[in-house]
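The values are calculated or read from the model by the stated rules, or taken from the named source; none is laboratory data. All values reported here derive from a predicted model rather than from experimental measurement. Positions of Cβ are backbone-derived with ideal geometry, glycine not excepted, and every protein chain shown enters the neighbour counts. What goes into the accessible areas is simple: the full protein's heavy atoms, side chains included, and nothing from ligands, DNA or RNA. Shrake-Rupley method; radii C 1.70, N 1.55, O 1.52, S 1.80 Å.
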Amino acid sequence: MQPVLAIYPGSFDPVTNGHLDLIERGAKLFERLVVAILQNTEKSPLFSLAERTEMLCEVTAPFANVEVDCFHGLLVEYARQRKAKVLLRGIRAVSDYEFELQMAMMNRKLEPGLETVFMLPAIEYSFLSSRLVREIAQLGGSVSGLVPVAIERRLRAKVI
Ligand code: PNS
């Protein structure tokens, strides 16, 4: 068996403790884990691609086998370029399942050799999303315990 390169794709706007929990779990399971940030030209993110990359590099620094990268276009095409065998996605609750199943099946149709692996974050992050974190921060609420401290600081600076 060859070492497995897994890709953990997402928007990460911003990275949350839920993402970090999944990165930690994935880093234990796969030889190499690439956290791949989608460069989405349609959405207007709170943090630029450069900022999201910087933040992810900072919080994943303790994991020697984790790399941060960005991609645009089809995820399966990026996975092919990187010679990845696995796509890692988190499922927080049943409500995530339908969309994740649809994406996983479509990605399988496009690239049958690529496996999607679902992992569950710790229960305390089962209600956590970047969208809610952005909303809370923008409305002046506390995001303590929801994102790493370094990200909390960045969020505060961004919304004042
Ligand atoms: O953090 P998100 O927004 O849930 O991540 C969604 C992501 C980046 C995994 C998804 O939008 C994606 O893979 N986009 C790339 C374009 C693509 O391949 N689309 C077809 C998916 S079946």
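What percent does the relative contact order of region 1-41 come to when contacts are Cα pairs within less than 8 Å and at least six residues apart?
Once normalised by length, the contact order is 59 percent.
Taking only pairs that are 8 or more places apart or on different chains, how many Lys pairs in the chain have Cα atoms under 21 angstrom apart?
So the count of such lysine pairs works out to 5.
Express the accessible area of region 50-160 per residue in Å², computed with a 1.4 Å probe while the remaining protein chains stay in the model.
62
Does region 86-145 classify as rounded, prolate or oblate by the C-alpha gyration tensor (a ≥ b ≥ c root eigenvalues; a/c under 1.5 gives rounded; else a/b over b/c gives prolate, otherwise oblate)?
prolate
Got a sec to turn the phi values of region 57-70 into Karplus ³J(HN,Hα) couplings, 6.51 cos²θ - 1.76 cosθ + 1.60 with θ = phi - 60°, whole Hz, x for Gly and Pro?
4, 4, 7, 9, 3, x, 9, 5, 9, 10, 10, 10, 8, 10
What is the percent carbon and sulfur in the accessible area of the chain, measuring with a 1.4 Å probe over the protein chains and ignoring ligands?
57
In degrees, nearest 10, range 0 to 90: what is the angle between the Cα axis of helix 149-159 and the longest Cα principal axis of the chain?
The angle comes out at about 60 degrees.
So what are the ³J(HN,Hα) numbers for region 122-129, from phi and the Karplus equation (6.51, -1.76, 1.60; θ = phi - 60°), rounded to whole Hz, Gly and Pro as x?
Those phi angles translate into 4, 4, 5, 10, 6, 10, 8, 8 Hz.
Nearest 20 debye, what's the magnitude of the dipole of the chain about its Cα centre given +1 on Lys and Arg Cβ and -1 on Asp and Glu Cβ?
120
Can you list residues whose amide H is under 5 Å from V147's amide H, if they're 5+ apart or on another chain and H is modeled 1.01 Å from N?
It is N17, by chain and number.
What three numbers, in Å, describe the spread of the alpha carbons of the chain along their principal axes, ordered from the longest?
Largest first, the chain extends 48, 33, 32 Å along its Cα principal axes.
Given the C-alpha centroids of region 60-105 and region 145-160, what is the distance between them in whole angstrom?
So the two Cα centres are separated by 24 Å.
Considering the options I123, L74, V34, tell which one lies farthest towards the positive end of the dipole of the chain, charges being +1 on Lys and Arg and -1 on Asp and Glu at the Cβ, about the Cα centre.
L74
Sorted by mean Cβ packing within 10 Å, highest first, what order do the peptides 147-156, 62-71 take?
In descending order of packing, they fall as 147-156, 62-71.
Which angle between 0 and 90 degrees, to the nearest 10, do you get for helix 17-29 versus the longest principal axis of the chain when only C-alpha atoms count?
Roughly 30 degrees between the two axes.
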